[in-house]
Amino acid sequence: MNRRSGFKPALAESLSVILPGPEETLLLRTCLLSADPARQAWDEWQRRRNKCAATFLGDDESINKLRPLIFHALRRHGITLDKDNQTYLRSAYFKEELRSKVFRRICRATLLLLRQEGIAAILLKGTALAETIYDCPVLRHCHDIDILLQEEEEISRTASLLTVLGFHKDTKKPEPQTFRVRLLHQSRLPLELHTDLFQIPYYNRCLDEIRERSLDRLISGVPTRILAPSDSLLHVCAHAFCSDKRESLRWVTDAWLLIDRHRDLDWDLLLECARKTRLLLPLSVTLNYLAESLDAAIPSTFLHRLFEAASRSNARQREFALSKARSSPNGSFRNLLAKAIGWRGRAFVIQWMLFPSPSYLIWEQRINCLPLLPFHYLYRPLRYIVRRIRVS
């Protein structure tokens with residue numbers, strides 16, 4: 001299950017707190033790998049679960065994250081379950097199938113309208129991937145429709161056009177970003193319009209190049225622009241690293257299938273784009289997990305080059321990566337420090353927690369008044385001490 005891939009960046013282990021745990025990894029192997037390895041992973045997962053005297057699959061949160069894929073994998077590999085669990089997974093699959101039909105109908109109407117109005121839109125994430133890399137769209141639950149627009153002025157125009165389809169602005173969940181709008185369909189399906197690719201503005205570089213490489217594909221029967229495979233893989237991994245929804249595990253299946261379906265993927269282009277967007281560290285952590293734990297077909301020479309490049313990340317890039325790892329459920333200061341490799345890694349974690357760079361602190365705390373910056377440096381360690389006291 002493990003494959004050695006060369007020297008890793010000093011912060012690689014600290015940043016790995018964002019990755020799935022051992023039991024989730026076994027379920028992912030069941031869903032993604034071929035027959036024998038998949039069955040072995042399922043048997044091992046069941047052995048671990050039986051130790052906890054758990055019998056009903058619906059009580060397991062990890063199962064709930066992957067229900068359609070697990071049902072599909074068990075049926076494909078001829079793995080049988082007792083009647084109650086079989087019924088539970090089958091019902092979950094058919095429920096997702098019904099939901100998928102409604103989702104695709106709304107998606108088709110949206111894409112047709114944008115195409116008719118001549119709006120240069122690129123469809124992102126699960127909505128684009130469900131019909132291009134999965135065996136069946138039902139296997140990829142799509143929570144929302146995510147659309148990248150060319151110009152800032154197009155956001156308000158597009159939002160206005162979509163009202164005829166039953167969309168309205170979601171006023172209950174305002175976005176902190178300037179050029180991002182969240183809409184809600186009358187069915188409660190969310191739709192996001194934005195002109196940036198990543199949630200953190202620091203990573204939004206070479207967007208013009210990425211847009212130019214986008215490809216035409218049929219989505220819900222409508223010719224639609226989607227990201228090129230290497231750009232889509234970078235986006236999936238970076239979004240997983242930076243998003244609060246990374247626990248869904250869908251990013252893992254998206255990334256693994258992108259690699260599996262595109263054996264001619266341009267790894268040199270991926271490395272260069274990761275360097276330009278300053279995403280070398282997040283990419284090194286996520287792709288190493290896919291290679292080591294899920295046997296993804298990533299060239300070892302590419303991983304070695306990626307690790308070397310990520311090891312040369314500057315202080316600000318390491319700070320942004322740590323900030324997102326810190327926001328994960330397992331991202332406590334104690335965990336980040338304990339997992340750091342060597343004294344250099346531990347020293348940087350301590351420095352970042354107590355005395356980060358001014359540019360990072362200004363971004364994190366959204367400081368508008370620079371004379372107050374010294375007070376934020378004093379407040380940062382005090383805040384951590386207060387949190388530790390409350391926990392204890």
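The values are calculated or read from the model by the stated rules, or taken from the named source; none is laboratory data. Bear in mind the structure is a predicted one, so any value in this text is a computation, not a measurement. Methodologically, a virtual Cβ is constructed for each residue, glycine included, from the backbone with ideal geometry; neighbour enumeration extends over all protein chains shown.
Of all residue pairs spaced 6 or more apart or on separate chains, none has beta-carbon atoms under 6 Å together with a first member in region 210-227 that is under 30 Å from residue 275 (Cα atoms) and free of Cβ contacts under 8 Å to residues at least 12 places away in the same chain and a second member that is assigned to a loop (DSSP other than H, G, I, E, B) and not charged (D, E, K, R). Please verify whether region 312-326 includes one or more residues that are buried (at least 17 other Cβ atoms within 10 Å of the Cβ), touching a Phe, Trp or Tyr at 6+ places or on another chain (Cβ under 6 Å) and aliphatic (A, V, I, L, M). So far as region 312-326 goes, yes, one or more of its residues are buried (at least 17 other Cβ atoms within 10 Å of the Cβ), touching a Phe, Trp or Tyr at 6+ places or on another chain (Cβ under 6 Å) and aliphatic (A, V, I, L, M).
The combined condition, being of a type in the set (A, V, I, L, M, F, W, C), touching a residue at least 24 places away in the same chain (Cβ under 8 Å), out of contact with any helix residue (DSSP H, G or I) (no Cβ under 6 Å at 6 or more places or on another chain) and in a helix (DSSP H, G or I), is not fulfilled by residue 89. The set of residues from region 92-140 being under 21 Å from the mean Cα position of the chain (by Cα), among the basic types (Lys, Arg) and assigned to a helix (DSSP H, G or I) comprises just one member, 125.
Among residues that are aliphatic (A, V, I, L, M) and outside the structural domain of residue 228 (by TED's automatic domain parsing), residue 370 is included. Checked against the criterion of being surrounded by fewer than 20 Cβ atoms within 10 Å (Cβ to Cβ) and of a type outside the set (A, V, I, L, M), the candidates 143, 194 yield just one match: 143. Just one of the listed residues (165, 227, 184) is crowded, with 17+ Cβ neighbours inside 10 Å, over 18 Å from the mean Cα position of the chain (by Cα) and not acidic (Asp, Glu), and it is 184. Of the conditions (1) out of contact with any helix residue (DSSP H, G or I) (no Cβ under 8 Å at 6 or more places or on another chain); (2) part of a loop (DSSP other than H, G, I, E, B), residue 192 satisfies every one except a single condition; which number is it? Condition not satisfied by residue 192: (2).
Whether a residue is within 28 Å of residue 164 (Cβ to Cβ) and among the charged types (D, E, K, R) was assessed, and residue 105 passes this test.
Scanning region 23-57 for residues that are in contact (Cβ under 8 Å) with a residue 40 or more places away in the chain, out of contact with any His (no Cβ under 9 Å at 6 or more places or on another chain) and over 16 Å from residue 85 (Cβ atoms) returns 24, 25, 28, 29, 32, 33, 37. Select from region 348-357 the residues that are part of a helix (DSSP H, G or I) and surrounded by 13 or more Cβ atoms within 10 Å (Cβ to Cβ) and write down the one among them that is modelled with the lowest pLDDT. Ranking the qualifying residues of region 348-357, first place goes to 353. Test residue 343 against the stated conditions and say whether it is surrounded by fewer than 21 Cβ atoms within 10 Å (Cβ to Cβ), in a helix (DSSP H, G or I) and modelled with pLDDT under 95. The answer is yes for residue 343. Of the residues 291, 255, 309, 274, the single one that is in a helix (DSSP H, G or I), closer than 21 Å to residue 363 by Cβ and in contact (Cβ under 8 Å) with a residue 24 or more places away in the chain is 274.
I need the full set of residues from region 230-275 which are among the basic types (Lys, Arg) and either over 17 Å from residue 146 (Cβ atoms) or surrounded by fewer than 22 Cβ atoms within 10 Å (Cβ to Cβ) (or both), in order please. Hits for region 230-275 are 245, 246, 261, 263, 275. Only one entry of 110, 127 meets the criterion of being over 22 Å from residue 255 (Cα atoms), touching a helix residue (DSSP H, G or I) at 6+ places or on another chain (Cβ under 7 Å), in the same structural domain as residue 255 (by TED's automatic domain parsing) and surrounded by 20 or more Cβ atoms within 10 Å (Cβ to Cβ), and that entry is 110. Looking at region 12-20, can you tell me whether even one residue there is closer than 28 Å to residue 287 by Cβ, at pLDDT 95 or above and β-branched (Val, Ile, Thr)? Within region 12-20, none of the residues are closer than 28 Å to residue 287 by Cβ, at pLDDT 95 or above and β-branched (Val, Ile, Thr). Within region 277-288, the residues that satisfy the criterion of being touching a residue at least 40 places away in the same chain (Cβ under 8 Å), in a helix (DSSP H, G or I), in contact with a helix residue (DSSP H, G or I) (Cβ under 6 Å, 6 or more places away or on another chain) and of a type in the set (A, V, I, L, M) are 281, 283, 285.
Only one of the listed residues (269, 361, 354) is in contact with a helix residue (DSSP H, G or I) (Cβ under 7 Å, 6 or more places away or on another chain) and assigned by TED's automatic domain parsing to the domain that holds residue 42. That residue is 269.
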